[in-house]
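Following: one structure in structure tokens, then a few remarks.
The values are calculated or read from the model by the stated rules, or taken from the named source; none is laboratory data. The structure presented is a predicted model; accordingly, all values stated were derived computationally and were not measured. No Cβ is skipped: glycine too gets one built from the backbone with ideal geometry, and neighbour counts run over all protein chains shown. Ligands, DNA and RNA are stripped out before the accessible areas are found, and what is left, the full protein with its side chains, is counted by its heavy atoms. Shrake-Rupley method; radii C 1.70, N 1.55, O 1.52, S 1.80 Å.
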Amino acid sequence: MTTIEAVDANVSFPDLHVFWSAGNSEGGNGSCAAAANGDIVTSSYTRTNCVDPSLTDFADFAPTIFLLGDDNVDTDEYDESVVVHEFGHYFEDQLSRSDSIGGGHSLSDRLDARLAFSEGWGNAFSAMILDDPFYRDSLGSQQSNGFAFSVDADLTDAAGPRFPGWYSETSIQQILYDIFDSGTGDDDPVSGGFAPIYAAFTDTAFSGTRNFITIYEFANQIRTEAGITASQIDSLLAAEAISGAGAQGAGETNNGGEPQVLPVYKTVTEGGGPVTVCSTNDFSSMTGGNNKLGVFDYVSLTLNATQSINISVNRTSGAASTDPDFRIWIEDRFIIQPAVMNSNNSATWSGTLTAGTYAIDFFDEGNSEETSPRDACFSFEVT
Amino acid sequence: MFQSKTYSSLAAISLIGALTGCMQHSASQGAAEPEAANTAIVTQLAPPVQTKKPAPPLSFSHEMSDLVGAGETGTVTFTVNEGYPFGTLILEAKGGDGLDVFGASVTTSQDMSNTTTHLWQVNYTAVEDGLYRLHVTATANVDEAVSDARAYAVEVKVGNWQSAASKTTAKATMEMQSDGEPAVILEAEETID
């Protein structure tokens, strides 16, 4: 907290609940009831109504960190990297904005870009706050084994297993830490410290963006902060095979091995004809499949005036039976009424939207819920 | 024919691992509030998600042999799945208090180049009936840059474990304190040199 207060003496931290017990172990289904029994899945950050189940509005749910305490298997109460990583999620959720879709992840996963940014931030934030680039997580018999890596090291390789790119938390942690670090051992052209990073996260232009929070949105924002030049950021991005421009990563050429994930945002206009959107489970891994690259396809819709529109989605190729769906976002809220109507291989929405840009995440529920993983593409049209 | 879909299930979509307590409060249950700028539509704050700590691409599952008695040998067969293209997987087992793991299989090294699924049998025995824990650790040596490891534990039942377990139930009694907090009071002796 002192690192944060050093750049913002007036910062106000909302209450945070931290649940640790020697009985906290992996397992459970993520419910409050399971957590009360010590089955917390893993160490994590979330917002819950576990303490006050009478709360019903997500906005009122309490910021909460769960920490493992399973002796000889996995304890985290002394793993500062883990504790601060989760505090980093609290920071972005409470003092800025996170669009993370959560779930399991590893350094070698190709992730949904929103999750990749959030987790890369968690890792980098831990290193910044602890002033130590090494992330350490002890585990095993007598906590004698562990999981460790340096966020300052170039851990990615175009040949794998950790591929560089906008979908990699490994790439993003290094970019963010390189913006921060300075002095002996700093091997990059930026020595910005925490101030510009904090300024970028807390700028309402960032937290109020009508795009998703990804490395592109962050890079777009931090280029404007004091002490940072755009060319410095470009060089850090290029070193991690990120070439997309602007807040939507226009012109990105790194497809992670799956051509259909580009462009990062499919731009659709009212009356401008259909664009192709796809959903795939190709990047499913040991850490799960519903939050990986390609499950969600991003669409950007800009309206110049308030108008009634119809959105129609229809399967064009791939798996014969699909369950397409999409959400229309206004910053961190998405439209629930009028509801998306969907059926096998198609989905529609009709309503009136005010002028502005809307980020839409399209997906096939077979992939997002991992009930029936499949690859398919669809036409997405606004009329 | 179209089918209307509420977002009660969508709360869970993105969000595997989202707390069940949270998912009970779907968008259609009043959590939503009208967005001032778009009076014709209703929006909802994104449901909470569970942002988990980083983990290596390693997972465990296991099968126990039939219940064995004290002094007999039982077997746990572990299946370790990993997501590495190459490297060496080192598997180590250790018994908790009272449980002995033995044999060549206590530590094993397996090549990750040819398969991502590794079967591993661990033998155990205990002198007394009871409920024990068997701890295992998997370490993936892929390159010098990252040390990947993950641990796992299974409960091992030996003999008349229920009876043995009941004998070890804590004898301490919870007492309500003046401030309303329940606590177990233990005898303590302090020596100051």
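Assorted remarks:
- So residue A:342, is it in a strand (DSSP E or B), surrounded by fewer than 17 Cβ atoms within 10 Å (Cβ to Cβ) and not aromatic (Phe, Trp, Tyr): no
- The residues listed here are B:115, B:73, B:77; of these, the one that is open to solvent by less than 50 Å² (accessible area, probe 1.4 Å) and either within 30 Å of residue A:159 (Cα to Cα) or in contact (Cβ under 8 Å) with a residue 12 or more places away in the chain (or both) is B:77.
- Looking across A:158, A:199, A:205, one residue alone is among the aliphatic types (A, V, I, L, M) and part of a loop (DSSP other than H, G, I, E, B). It is A:158.
This table checks each residue for (1) part of a loop (DSSP other than H, G, I, E, B); (2) more than 19 Å from the chain's Cα centre (by Cα).
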| residue | (1), (2) |
| --- | --- |
| A:120 | no, no |
| A:124 | no, no |
| A:146 | no, yes |
| A:152 | yes, yes |
| A:162 | yes, no |
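- Selection of the stretch A:235-254 for residues being buried (at least 18 other Cβ atoms within 10 Å of the Cβ) and either outside any loop (DSSP other than H, G, I, E, B) or modelled with pLDDT under 95 (or both) yields A:236, A:237.
Okay, residues lined up against (1) open to solvent by 10 Å² or more (accessible area, probe 1.4 Å); (2) over 26 Å from residue A:99 (Cβ atoms); (3) at the interface with chain B (Cβ under 9 Å from one of its Cβ atoms):
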residue	(1), (2), (3)
A:122	no, no, yes
A:126	no, no, no
A:135	no, no, yes
A:139	no, yes, yes
A:146	yes, yes, yes
A:156	yes, no, no
A:159	yes, yes, no
A:163	yes, no, no
A:168	no, no, no
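- Residues in the stretch A:37-56 that are in contact with a strand residue (DSSP E or B) (Cβ under 9 Å, 6 or more places away or on another chain) and open to solvent by 50 Å² or more (accessible area, probe 1.4 Å) were compared, and the one that is farthest from residue A:119 (Cα to Cα) is A:52.
- Residue satisfying all of: in the stretch A:255-273; closer than 20 Å to residue A:109 by Cα and in contact with a Leu (Cβ under 8 Å, 6 or more places away or on another chain); surrounded by the most Cβ atoms within 10 Å (Cβ to Cβ) among these: A:261
- Of all residues in the stretch A:69-81, those that are surrounded by fewer than 17 Cβ atoms within 10 Å (Cβ to Cβ) have Cβ atoms under 7 Å from Cβ atoms of residues that are assigned to a strand (DSSP E or B), 6 or more apart or on another chain, in A:77/A:20; A:77/A:67; A:77/A:69.
- So residue A:59, is it surrounded by fewer than 24 Cβ atoms within 10 Å (Cβ to Cβ), assigned to a helix (DSSP H, G or I) and free of Cβ contacts under 8 Å to residues at least 24 places away in the same chain: yes
- Residue check, residue A:308 assigned to a strand (DSSP E or B), open to solvent by 10 Å² or more (accessible area, probe 1.4 Å) and farther than 24 Å from residue A:263 by Cβ: yes
- Single match in B:67, B:58 (criterion: in contact (Cβ under 8 Å) with a residue 12 or more places away in the chain and open to solvent by 10 Å² or more (accessible area, probe 1.4 Å)): B:67
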